[in-house]
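Here's the structure, in structure tokens; my notes come after.
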Amino acid sequence: MGHDPELVARVVRAVKSATGKPVFAKLSPNTERILEVARAAVDEGVDGITAINTVRAMMIDVETQRPVLSHRTGGLSGSAIRPIALRCVYELSEEFEVPIMGVGGISRWDHAVEFLLAGATAVQVGTAASGKYGLFRKIVEGIGGYIRRKGFRTVAEITGLAHRGWACRTCSFTARS
């Protein structure tokens, strides 16, 4: 479903008409059309975007020479998908004004800050939290320390800062400010 903008639009429309609660569309990174899919969801009035869902992956048991999962493939999560998720959040933030929940591979405060800088308005921790009950406190305290150390007052002040202009160190190219 996450590859077809028309289907995503129909689902968002149906869910929005069935509830008065905020609706976030969780996007798949397993498509080259993520911006088109997001556009379909935004155009149908989605309240926000969650980026991203798991990445399709598989493992093979070398002893049995068979896929580990009965369906052959499954969803890869955790630190391996952070760079993919970060790119998706960055690209989505450039295109859309709706809130973006950054998801994928966040296990430390600086990972959360990366997502905020890329344009996420909130972050979600999943796989890394398994059995680590103090992790959320460490992440919140780390973000707070970063904000204070950098002279900011709120998380909102750092949201999207990575989109500021930058200059190439080896050439004369300068990106937008």
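The values are calculated or read from the model by the stated rules, or taken from the named source; none is laboratory data. As the structure is a prediction and not an experimental result, all values here were calculated from the model. Note that each Cβ is placed from the backbone with ideal geometry, even for glycine, and that neighbours are counted across all protein chains shown.
Each residue in region 100-132 was checked for being surrounded by fewer than 18 Cβ atoms within 10 Å (Cβ to Cβ) and under 25 Å from ASP43 (Cα atoms), and 2 of them qualify. Across region 42-96, the number of residues qualifying as under 24 Å from MET1 (Cβ atoms), of a type outside the set (A, V, I, L, M), exposed (fewer than 15 other Cβ atoms within 10 Å of the Cβ) and free of Cβ contacts under 8 Å to residues at least 24 places away in the same chain comes to 6. Among strands (runs of 3 or more DSSP E) entirely within region 28-87, having at least 1 residues that are of a type in the set (Val, Ile, Thr) and modelled with pLDDT under 95 singles out 55-57. In region 1-19, the residue that is nearest to the chain's Cα centre (by Cα) out of those that are over 11 Å from ALA41 (Cα atoms) and exposed (fewer than 14 other Cβ atoms within 10 Å of the Cβ) is MET1.
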